[in-house]
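Accompanying notes for the structure given below.
The values are calculated or read from the model by the stated rules, or taken from the named source; none is laboratory data. None of the values given here were measured: they were computed from a predicted structure. Cβ sites come from the backbone with ideal geometry, for glycine too, and all protein chains shown count toward neighbours.
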Amino acid sequence: MTVNLLDFDGESLTAWFAEQGEKPFRAKQVLRWIHRSGVADFDAMTDIAKSLREKLKATVVSDKLSDDGTRKFLIDVGNGNAVETVFIPEDDRGTLCISTQAGCALDCAFCSTGKQGFNRNLTVAEIIGQLWQANHALGAVHGDERVISNVVLMGMGEPLANFDNSVAALKLMLDDNAYGLSRRRVTVSTSGLVPVMDRLGDECPVALAVSLHAPNDKLRDQIVPINQKYPLKELMAACQRYLDKAPRDFITFEYIMLDGINDSDAHARELLALVKHVHCKFNLIPFNPFPGSPFRRSSAERVRRFAEILMQAGIVTTTRKTRGDDIDAACGQLAGQVKDKTRRTAGRVIPLVEARS
Ligand code: SAH
Ligand code: SF4
């Protein structure tokens with residue numbers, strides 16, 4: 001089998017080089033060429049001995065990306081599956097929203113990824129390859145110019161359900177020989193896999209966003225089914241534990257605004273009681289409708305009033321912008337294309353949403 005160098009983080013590349021009888025500093029050099037300089041051609045790695053370059057030619061640096069010409073990239077990961085990556089430029093930063101799975105098995109009621117079912121975990125190369133390729137496409141592979149300053153694992157899939165590969169990719173993002181991003185600028189978004197949140201805190205603490213979406217178990221059981229396994233009391237305790245290790249002193253709670261479902265004043269007040277002991281910020285996300293979804297987006301006035309209640313209690317609350325082309329809202333409900341393996345969607349007609357251009 002051909003070895004793909006994008007599959008290695010710093011540690012595993014060093015180990016692989018050792019197996020080849022090469023010195024550890026060679027791994028560091030190669031890592032820098034691939035990730036810092038964005039080089040895929042081994043002949044361009046001028047400080048590497050020719051013999052080693054020849055050996056490396058048996059490997060590839062590849063993740064098969066097709067750019068649709070916009071700042072959204074549709075990545076073909078083979079066998080009829082495609083995942084999406086979105087670049088969101090803002091005044092003071094550029095954020096890349098990365099996918100970790102083809103589909104998702106957790107089946108949240110409002111999520112188009114979830115409704116497509118689950119196919120498979122992405123490999124390390126496919127996860128880090130989204131950053132590698134986006135850097136290329138955005139023209140940021142040379143020098144210290146940083147077009148992508150922030151990364152969020154908020155695309156398709158549940159990153160904590162693909163823990164090992166997500167963490168290896170996170171380690172590359174943080175590695176000074178690769179992307180050198182600060183832990184505070186790399187965010188994992190989870191629907192609340194409680195035991196794995198603890199592992200993340202121990203093995204690779206980065207900023208954490210938790211998809212809350214409901215203030216009580218009765219409602220959350222319905223719209224975020226993983227809540228039946230890890231109810232809110234356990235989730236809040238896990239958030240508190242995470243804060244001991246987190247690079248930031250708050251958890252971001254994501255809260256999707258669904259008209260008439262979870263968006264009343266009473267819901268907002270119930271939330272205040274729920275998060276009383278967790279230092280947090282809220283990010284309200286206006287629901288992004290997709291074909292076949294039973295929900296409606298809350299009105300702008302309702303979102304404003306909901307935010308006001310949280311802010312009056314002293315909680316910093318932002319509302320995610322929905323731009324003309326919805327590229328922001330697209331982050332978190334990326335369409336892609338997934339061949340469901342769980343057969344959950346069999347018999348249900350949910351048209352695939354195509355990548356917007
Ligand atoms: N699985 C992880 C990360 C991917 S989803 C998680 O659930 O956190 C990223 C965010 O987008 C989550 O907060 C998710 O609830 C939200 N999201 C999903 N579907 C959405 C939709 N139709 N409109 C707006 N946001 C959505
Ligand atoms: Fe999976 Fe997140 Fe979508 Fe829920 S919201 S189905 S956890 S991707």
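When residue 201 is tested against (1) of a type outside the set (A, V, I, L, M); (2) touching a Phe, Trp or Tyr at 6+ places or on another chain (Cβ under 6 Å); (3) over 30 Å from residue 32 (Cα atoms), exactly one condition is not met: (3). Taking the range 255-286 as the range and being in a loop (DSSP other than H, G, I, E, B) and within 21 Å of residue 235 (Cβ to Cβ) as the test, the residues that pass are 261, 262, 263, 275, 276, 277, 278, 279.
Provide a single number: the residues in the range 106-122 that are within 12 Å of ligand 1 (Cβ to nearest atom) and touching a Ser or Thr at 6+ places or on another chain (Cβ under 6 Å).
Matching residues across the range 106-122 total 2.
The residues of the range 156-174 that are over 14 Å from residue 203 (Cα atoms) and more than 16 Å from ligand 2 (Cβ to nearest atom) amount to a single one, 173.
When you check residue 103 against the structure, is it surrounded by fewer than 22 Cβ atoms within 10 Å (Cβ to Cβ), small (Gly, Ala, Ser) and on the phi > 0 side of the Ramachandran plot, yes or no?
Answer is no for this residue.
The range 1-97 holds strands (runs of 3 or more DSSP E) entirely within its bounds, and those carrying 3 or more residues that are under 16 Å from residue 173 (Cβ atoms) and either within 21 Å of the chain's Cα centre (by Cα) or modelled with pLDDT under 85 (or both) map to 94-97. Could you list, in sequence order, all residues of the range 175-199 that are within 20 Å of residue 281 (Cα to Cα) and of a type in the set (A, V, I, L, M)? Within the range 175-199, 186, 188, 193, 194, 197 meet the criteria. All of (1) under 23 Å from residue 166 (Cα atoms); (2) surrounded by 18 or more Cβ atoms within 10 Å (Cβ to Cβ) hold for residue 184 with one exception: (2). Where strands (runs of 3 or more DSSP E) fall wholly inside the range 128-229, the ranges with 2 or more residues that are of a type in the set (Gly, Ala, Ser) are 207-211. Scanning the range 146-159 for residues that are more than 8 Å from ligand 1 (Cβ to nearest atom) and surrounded by 19 or more Cβ atoms within 10 Å (Cβ to Cβ) yields 148, 150, 151, 152. Checked against (1) under 30 Å from residue 267 (Cα atoms); (2) more than 16 Å from ligand 1 (Cβ to nearest atom), residue 242 passes all but a single condition, namely (2).
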